[in-house]
1. Yes or no: segment 96-116 includes at least one residue that is assigned by TED's automatic domain parsing to the domain that holds Gly13, over 26 Å from Gly161 (Cβ atoms) and within 13 Å of the ligand (Cβ to nearest atom).
2. Suppose we filter segment 1-38 for residues that are within 16 Å of the ligand (Cβ to nearest atom), in a loop (DSSP other than H, G, I, E, B) and touching a residue at least 40 places away in the same chain (Cβ under 8 Å); how many remain?
3. Inspect segment 39-53 for any residue being touching a residue at least 12 places away in the same chain (Cβ under 8 Å), away from the ligand (no atom under 12 Å from the Cβ), under 25 Å from Glu140 (Cα atoms) and crowded, with 16+ Cβ neighbours inside 10 Å and give the result as yes or no.
4. Test each condition in (1) outside the structural domain of Gly155 (by TED's automatic domain parsing); (2) over 26 Å from the mean Cα position of the chain (by Cα) for Lys212 and report the one that comes out false.
5. Would you mind stating whether Ala254 is outside any helix (DSSP H, G or I), in contact with a Ser or Thr (Cβ under 9 Å, 6 or more places away or on another chain) and either of a type outside the set (Val, Ile, Thr) or outside the structural domain of Gly174 (by TED's automatic domain parsing) (or both)?
6. If I ask for residues that are assigned to a helix (DSSP H, G or I), of a type in the set (S, T, N, Q) and more than 24 Å from Gly158 (Cα to Cα), which ones from segment 176-227 would you list?
7. So for segment 278-291 (the condition being of a type outside the set (S, T, N, Q), on the phi > 0 side of the Ramachandran plot and either within 16 Å of the ligand (Cβ to nearest atom) or not in a loop (DSSP other than H, G, I, E, B) (or both)), does at least one residue qualify?
Amino acid sequence: MQRLADKVAVVTGAGRGIGREIALLMAAQGAKVVVNDLGGNTDGTGTGKIADDVVAEIRALGGEAASNTESVASVAGGESLLQTALDNFGGMDILVNNAGILRDKTLFNMNESDWDAVIDVHLKGHYCCSRPFAAYIRKESRTGCRIINFSSVSGLFGNFGQANYGAAKAGIAGFSRVLALELAKYGCTVNTISPGALTRMTIPLRENRGEKVEEEAMEAGGPQHIAPICAWLAGPEAASITSEIFHTGRGAIAIMQQPAIIKRFVKPDGLWSLNELDQVVPELIEARKANIAAAATTAGDAAG
Ligand SMILES: NC(=O)c1ccc[n+]([C@@H]2O[C@H](COP(=O)([O-])OP(=O)(O)OC[C@H]3O[C@@H](n4cnc5c(N)ncnc54)[C@H](O)[C@@H]3O)[C@@H](O)[C@H]2O)c1
């Protein structure tokens with residue numbers, strides 16, 4: 001059974017890496033796919049026609065696809081995605097916000113253009129592509145739609161040297177939670193994926209540590225491992241699942257905690273004194289440590 005038969009999916013950054021695998025799997029599941037990719041370098045410079053290659057690949061396998069080479073970082077680019085879907089396939093049901101770049105530097109060395117480029121492609125890119133789709137869903141009363149966003153442990157946990165990327169990826173998690181609320185009444189789910197995969201974005205990090213990335217490593221940890229949960233979330237079985245963050249890669253599938261209050265003290269009759277906080281804050285920190293330990297146990301159980 002093809003789970004995405006008659007659906008129209010737009011996958012951004014689908015010319016290579018994780019996006020390409022998602023486009024191929026969604027097409028194999030019957031979706032008509034708009035393959036978007038600017039075709040640039042990892043740092044966001046340059047352009048290329050790699051989206052056309054993935055379209056040709058999908059067609060050669062008997063699927064349906066159309067190419068879009070606009071940048072997700074502009075409002076016009078985001079609008080063109082919906083237009084490409086309407087022009088070629090007459091509708092749009094699924095948006096995968098996957099396109100991304102990196103400009104890793106510590107804050108000491110990060111200039112304004114490094115900050116802006118990364119925020120523009122990731123965080124603003126999610127806005128640019130989601131807004132026209134959301135407006136279309138509401139105007140057309142299109143039911144059963146899906147938005148799948150891409151965050152990262154860089155923003156969810158924190159990672160040295162990625163203040164721009166981490167801020168964008170944490171922002172995307174917040175964006176997703178709000179969008180899930182706003183689109184709920186239209187039956188559209190909004191979920192987030194935190195992937196871990198060997199792609200041109202991450203292979204250099206391995207190689208810088210002196211590790212060689214060969215075929216075996218790609219089989220064990222390549223971008224093909226991210227596509228299944230993405231296609232599943234786009235399918236009918238995921239109709240009631242929204243506002244979740246799934247972490248996946250190397251054969252593992254996990255669900256993330258979301259921000260929530262762990263422990264709370266209330267002083268109804270006035271302001272906390274600093275001396276009182278000397279007592280209360282360590283108790284809050286202990287509660288947080290216990291929470292981390294409990295979550296680590298659960299994660300270990302699940303993996304085992
Ligand atoms: N690979 C990982 O381990 C990992 C970890 C965490 C998050 N992610 C996220 O997953 C997503 C996919 O990453 P990947 O590893 O496949 O990287 P990748 O570099 O292989 O692919 C990203 C694609 O996005 C395209 N792109 C960049 N800017 C664009 C723009 N403005 N408009 C349209 N396309 C654009 C690129 O040309 C590229 O083909 C990204 O959002 C990334 O941040 C990846």
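The values are calculated or read from the model by the stated rules, or taken from the named source; none is laboratory data. In this text, all values refer to a predicted model and were calculated from it rather than measured experimentally. When we count neighbours, we look across all protein chains shown, and the Cβ atoms used for this are built from the backbone with ideal geometry, even at glycine.
1. For segment 96-116, residues assigned by TED's automatic domain parsing to the domain that holds Gly13, over 26 Å from Gly161 (Cβ atoms) and within 13 Å of the ligand (Cβ to nearest atom): present.
2. Result for segment 1-38: 6.
3. no
4. (1)
5. So Ala254 fits the description; yes.
6. Hit for segment 176-227 is Gln224, nothing else.
7. no
Quick grid of which residues meet (1) of a type in the set (S, T, N, Q); (2) within 28 Å of Gly91 (Cβ to Cβ):
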| position | (1), (2) |
| --- | --- |
| Ile119 | no, no |
| Ser130 | yes, yes |
| Asn159 | yes, no |
| Phe175 | no, yes |
